[in-house]
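Encoded as structure tokens, the structure appears first; notes follow it.
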Amino acid sequence: MSATAQNRAVWRPIASVSVTAATVWVLASPQTASAAECEGVRLPDRVTVAGQPLMLNGLGVREATLFNVNVYVAGLYLEQRSSNPRQIVASNQHKQLILKFVRKVDREDMNDALEKGFENGGATAAMKPRIRQFASWMPNLKKGSILTFTYVPGRGVEVKVGRRVRGVIPGADFARLLFRIWLGPKPPNKGLKRGLLGGECG
């Protein structure tokens, strides 16, 4: 089996997305005074988004295949900590999700995973253009790659690949759909959701 085939065998769905063109701006700056760690990945305890301080709500690990291979470590940041996934998704607060990859993931596989997540979250036909735009910004990911999704009320979801801001997807409805991928009733894996809600990571 080739390296690419092996990688695809390890990775499958998280969800696909679309978006309309929007103004790009720098939203978040990490606070480096302290950090939390999970599976060897360190993320800051606090970040600032559009002038709003956010605190780390929890860390979770995305696992794939029957062998539970680690794909990325995710960190969820909120204005106030919460263990209620419905409340977090529905709230119109600043929030941020950081994904730090611990293995290679092809762009195609990432988008297949996102597409499944959006479908599980109840994506409507009217949201497809924004979902396609979102998907167009996904890169080939390697170990150490970082994706950051930041929601600012009244502006939308900023998509950042590494340090590069790709754009902003408007709409609180899209933000709810996006965060529902990880916090909804059908997350990529239960341990990931549990960790993001403040439970044990790993």
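The values are calculated or read from the model by the stated rules, or taken from the named source; none is laboratory data. Computed from a prediction, not measured in an experiment: that's the story for all the values here. Positions of Cβ are backbone-derived with ideal geometry, glycine not excepted, and every protein chain shown enters the neighbour counts.
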Breaking point among (1) crowded, with 22+ Cβ neighbours inside 10 Å; (2) touching a Lys or Arg at 6+ places or on another chain (Cβ under 7 Å); (3) modelled with pLDDT of 95 or more, for K142: (1)
Qualifying positions in segment 50-79 - within 12 Å of R194 (Cβ to Cβ) and of a type in the set (G, A, S): G58, G60, A74
Tally of residues being more than 22 Å from V41 (Cα to Cα) and either surrounded by fewer than 21 Cβ atoms within 10 Å (Cβ to Cβ) or touching a strand residue (DSSP E or B) at 6+ places or on another chain (Cβ under 6 Å) (or both) across segment 84-104: 10
Qualifying positions in segment 138-149 - over 13 Å from R163 (Cα atoms) and either assigned to a strand (DSSP E or B) or of a type in the set (F, W, Y) (or both): L141
Test: residue in segment 143-160 that is among the polar types (S, T, N, Q), without any contact (Cβ under 8 Å) to a residue 60 or more places away in the chain and more than 29 Å from S83 (Cβ to Cβ): no
Failed criterion for L78 (all others in (1) closer than 18 Å to S145 by Cβ; (2) among the hydrophobic types (A, V, I, L, M, F, W, C); (3) surrounded by fewer than 23 Cβ atoms within 10 Å (Cβ to Cβ) hold): (1)
